[in-house]
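A short write-up of the structure that comes next.
The values are calculated or read from the model by the stated rules, or taken from the named source; none is laboratory data. Predicted, not measured: the structure shown is a model, and the values here were computed from it. Because the Cβ atoms are built from the backbone with ideal geometry, glycine has one as well, and the counts that use them run over all protein chains shown. Just the protein is used for accessible areas: all its heavy atoms, side chains included, with ligands, DNA and RNA removed. Shrake-Rupley method; radii C 1.70, N 1.55, O 1.52, S 1.80 Å.
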Amino acid sequence: MSQSNQQRIWQVVSQIPKGKIASYGQVAAQAGIPQAARLVGNVLRKLPEGSKLPWHRVVNSQRKISFPIGSPAYQEQRQRLLAEGVVFNKETIAINHLAWSS
DNA sequence: ACCTTGACTAGAT
DNA sequence: AATCTAGCCAAGG
């Protein structure tokens, strides 16, 4: 009997290093369910409020936050990432060490 | 058991 | 580069 996909997803997300980000698809693949990017979002969605999981380090394949721009959730995730040194370029975000034109 | 919805994505247009 | 489309996993009606 293996753990539930949900538990494997929690496991993977908890291992994303501070200051770095991963896509829903990458998390799913790492959890052993490569076709379930969508499931990752659904799992994170129902996290308890006090959860210590770094859910904010998960963005979509376009390296963007998957919330409507300006929404409370969007702003919160953006704020948490900024606090970890993740660089933003308006709607697009990129990891520090990745080159990006100004 | 069937249909819809969602913090998604790769591929086609 | 911007849109559309079809496919995927799980939960809820």
If you check residue A:52 against the conditions, is it within 9 Å of DNA strand B (Cβ to nearest atom) and among the basic types (Lys, Arg)?
no
Which of the residues spanning region A:19-66 are among the small types (Gly, Ala, Ser) and touching a residue at least 12 places away in the same chain (Cβ under 8 Å)?
A:19, A:22, A:23, A:25, A:28, A:31, A:32, A:36, A:37, A:41, A:61, A:66
Take the residues in region A:15-43 that are open to solvent by 80 Å² or more (accessible area, probe 1.4 Å) and within 8 Å of DNA strand B (Cβ to nearest atom), then tell me which one is farthest from residue A:4 (Cα to Cα).
A:26
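Yes/no per residue for (1) under 22 Å from residue A:85 (Cβ atoms); (2) away from DNA strand C (no atom under 13 Å from the Cβ); (3) modelled with pLDDT of 95 or more:
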site: A:19; (1), (2), (3): yes, yes, no
site: A:35; (1), (2), (3): no, no, no
site: A:40; (1), (2), (3): no, no, yes
site: A:68; (1), (2), (3): no, yes, no
Of the numbered conditions (1) within 12 Å of DNA strand B (Cβ to nearest atom); (2) open to solvent by less than 60 Å² (accessible area, probe 1.4 Å), residue A:46 fails exactly one; give the number of that condition.
(2)
